[in-house]
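Taken together, the values in this text are just the output of simple stated rules run on the coordinates, not laboratory data. No experiment lies behind these values; they were computed from the predicted model shown. Here Cβ is always computed from backbone atoms with ideal geometry, including for glycine, and neighbour counts include all displayed protein chains.
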Amino acid sequence: MYAEQTAVQVTLRLNGTLQTVEVEPWTPLLDALRERLHRTGTKKGCDHGQCGACTVHLDGRAVLACLTLAIRADGHEVTTIEGMSRGDSLHPLQTAFVEHDGFQCGYCTPGQIMSASALLEENPDASAAEIREGMSGNLCRCAAYPNIVAAIRAVQGAR
Ligand code: FES
Ligand code: FES
């Protein structure tokens, strides 16, 4: 079959664990994560690079998994929302989102947290305006924006 002839193996370090997955050369990283590797914490919103729901880290940098080919992750590190907590301990951003009501339906939240953590890694002292700008690619249909910024600011303040 055509698909079998073109399938390729991708080996990536996913949330700290080496994983090998078979994909087609055109498979988006988002589909590989959700459908082949069963990490469904990363959400599919628009599937067109418009909403940020699918944000993950590729070698520590935020990328849109719907616009990134899975083969791009071969030999690289991918972190999803499932890799942010440490055992039973939530990541500080996850705790802050809970404490500051940074979500309502929660659908955008994994992407928001992945973008926010990459932003704070790059610019730990980002101003509120820089946070709003840096997070502008992550849409929230519940419009939790002020609380999302408050949660990120709280994590900055706790450092
Ligand atoms: S699902 Fe990737 S940007 Fe919307
Ligand atoms: S919390 Fe519902 S889309 Fe953001």
**OP:** Place a +1 charge on the Cβ of each Lys and Arg in the chain and a -1 charge on the Cβ of each Asp and Glu, then give the dipole magnitude about the Cα centre in debye, rounded to the nearest 20.
**Re:** 260 debye
Original post:
Can you tell which of T6, G16, I81 lies farthest toward the positive end of the dipole of segment 2-83, using +1 and -1 charges on the Cβ of basic and acidic side chains (Lys, Arg; Asp, Glu)?
Top reply: I81
Subject >> For the chain, built as a Gaussian network whose Cα springs stay under 10 Å, the top-fluctuating residue of L37, L18, L139 >> reply: L18
**OP:** Counting only C-alpha contacts under 8 Å and six or more residues apart, can you give the relative contact order of the chain as a whole percent?
**Re:** 23 percent
Subject >> Rg/Rg_globular for segment 92-158, with Rg_globular taken as 2.2 N^0.38 Å and Rg from C-alpha atoms >> reply: 0.95
**OP:** With everything on Cα atoms, drop me the angle between helix 109-122 and the longest principal axis of the chain, reported from 0 to 90° to the nearest 10.
**Re:** 80 degrees
Original post:
Considering only Q156, L139, A96, whose Cα is most displaced toward the positive end of the charge dipole of segment 92-158, charges sitting on Cβ of Lys, Arg (+1) and Asp, Glu (-1)?
Top reply: L139
Original post:
Once you sort the root eigenvalues of the Cα gyration tensor of segment 1-135 as a ≥ b ≥ c, which label holds: rounded (a/c under 1.5), prolate (a/b larger than b/c) or oblate (the other case)?
Top reply: prolate
Original post:
About its Cα centre, what dipole magnitude does segment 84-159 give when the only charges are +1 on Lys and Arg Cβ and -1 on Asp and Glu Cβ, stated in debye to the nearest 20?
Top reply: 140 debye
Original post:
If you line up the long axis of helix 145-158 against the longest principal axis of the chain, both from Cα atoms, how many degrees apart are they, to the nearest 10?
Top reply: 80 degrees
Subject >> Cα-centred dipole magnitude for segment 2-83, charges only on beta-carbon of K, R (+1) and D, E (-1), debye, nearest 20 >> reply: 280 debye
Original post:
Amide H of A126: which non-local residues (sequence gap of 5 or more, or other chain) have their own amide H closer than 5 Å, using H built in the peptide plane?
Top reply: none
**OP:** Classify segment 28-72 as rounded, prolate or oblate from the Cα gyration tensor: take a ≥ b ≥ c as the square roots of its eigenvalues, call it rounded if a/c is under 1.5, otherwise prolate when a/b beats b/c and oblate if not.
**Re:** rounded
Subject >> Peptides ranked, highest mean first, by Cβ atoms within 10 Å: ranges 111-118, 65-72, 97-104 >> reply: 111-118, 65-72, 97-104
Subject >> Formal net charge of residues neighbouring R34 (Cβ-Cβ distance under 12 Å; K, R +1; D, E -1) >> reply: 0
